[in-house]
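Each reported figure results from applying straightforward, stated rules to the coordinates on display, with no laboratory input. This one's a predicted model, so the numbers in the text were calculated from it and none came from an experiment. Here the Cβ positions follow ideal geometry from the backbone for every residue, glycine too, while neighbour counts run over all protein chains shown.
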């Protein structure tokens, strides 16, 4: 539109220039007509331009409306997707919680299955281990395979296995197997009969039949023959017929108690090396006690009435009679008085020294090894305590590794380590009593000899004084 204004202005100038020749009215009319025509053409051009703009704008408007519709649709889809994402996140969280709960329950079931399988293996009747050990081992390996997480299928399999065993146990059942026979180390093949808490065994030869008990550390149980069980009754029982069957009212406790007693050698072996050391010390103490008893018999001192006649002879100065009387006395007393008679004419101090030397020599001879007996009596309980401590250290080391699942075995181990203390007290108590008895008897005899020595010195000095008073 701006390009047309200069043209109009030029036309006006031309008209103004020609106005000099034309009249003002004509020029005005002609200019108005020309201007109107030009204005009409400009309006037509403007309308054409507006129409072209409108025609060109319409597709853009349609595209814009379509784009707005698509935007609205996309926004709706986005909102739906956000809502779906939130729902998916919530559902995922719930699924994760459910999965965690399932994993925990599966792990708990696996733990229960493991403990149940262990208890099941420990609770098998004697002889059943030969039948079920392979299945138990296979289930245990399957349960321990946690490469893909807790194995719930293995737990279910263990439950089915245990249930099947319970079903078989109802009413009792029999199976082939092998067992040791008490009193021998031979293994016999035969048949096990499982009936409630009791298990019976009968060899194929038919010569051994009795109740069965487990044996620690052995793959085979032990069959204890029952002499009161008649062969015809045992044969009928294992054939599934009606028969009289003996039962242990103590539930096997009487047999286990008999097994725990064992021999003296087996009892000592439970105490280990320290127990053998205590036994050695005990034998040494026994030998010393025997020797001291022999010494005590050799130290037999005459009673005062038997010595009184000899002392009266010394009082009276009858040395010849005293020499004869002293030969009738026992060795310790005779040795003391012979030395006294030999030095009776010596001064009192010399006589007392010789008598004292005899007493000291006899004291050293008869009191020898008594202190060693006292040491043994004191050391034996300490050695027993040492053996107990060593055994307890080993027991607690085993507890650290294997735990305390079996209280019976733990109590058995503790009872074995107490064997050393028992042996220490067995050695110490008699040794202490023997030491006290021997010490008392030896001291009594030595005290009696000291009394005789003092009486002899008094008698000898009295005799010498009497002779001096009689001589002019």
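What does the helix-only formula give at 222 nm for the chain: each DSSP H stretch with n ≥ 4 adding -39500 (n - 2.57), the total divided by the residues, and the result rounded to the nearest 500 deg cm²/dmol? Taken over the chain, the calculation gives -26000 deg cm²/dmol.
Angle of helix 348-366 to the longest C-alpha principal axis of the chain, folded into 0 to 90 degrees and rounded to 10: 50°. Quarter the surface of the alpha carbon convex hull of the chain and you get the mean projected area, 67.6 square nanometres. Across the stretch 272-470, the fraction of Cα-Cα pairs farther apart than 24 Å, rounded to a whole number, is 58%. Relative to the dominant Cα principal axis of the chain, helix 128-144 is inclined by about 40°.
For the stretch 306-359 and the stretch 221-249, what is the separation of their Cα centres, given in Å? So the separation of the two Cα centres works out to 84 Å. Residues 76, 203, 178, ranked from the fewest to the most other C-beta atoms within 10 Å, line up as 76, 178, 203.
With the convex hull constructed from alpha-carbon coordinates only, the stretch 62-152 shows a mean projected area of 8.9 nm² over all directions.
As a proxy for reagent exposure, 454, 117, 124 were ordered by neighbouring Cβ count within 10 angstrom, fewest first; the result is 454, 124, 117. Oblate is the label for the stretch 324-385. Its Cα gyration tensor axes, ordered a ≥ b ≥ c, give a/c of at least 1.5 and b/c at or above a/b. Ordering 224, 108, 315 from the fewest to the most neighbouring beta carbons within 10 Å gives 108, 315, 224. Our Cα-only numbers for the stretch 124-243 put the radius of gyration and Dmax at 17.0, 57 Å.
Just report the Cα centroid separation between the stretch 84-121 and the stretch 183-198, whole Å. Centre-to-centre (Cα) distance: 44 Å. Rounded to the nearest 10 degrees, the inclination of helix 407-417 to the longest alpha-carbon principal axis of the chain is 40 degrees.
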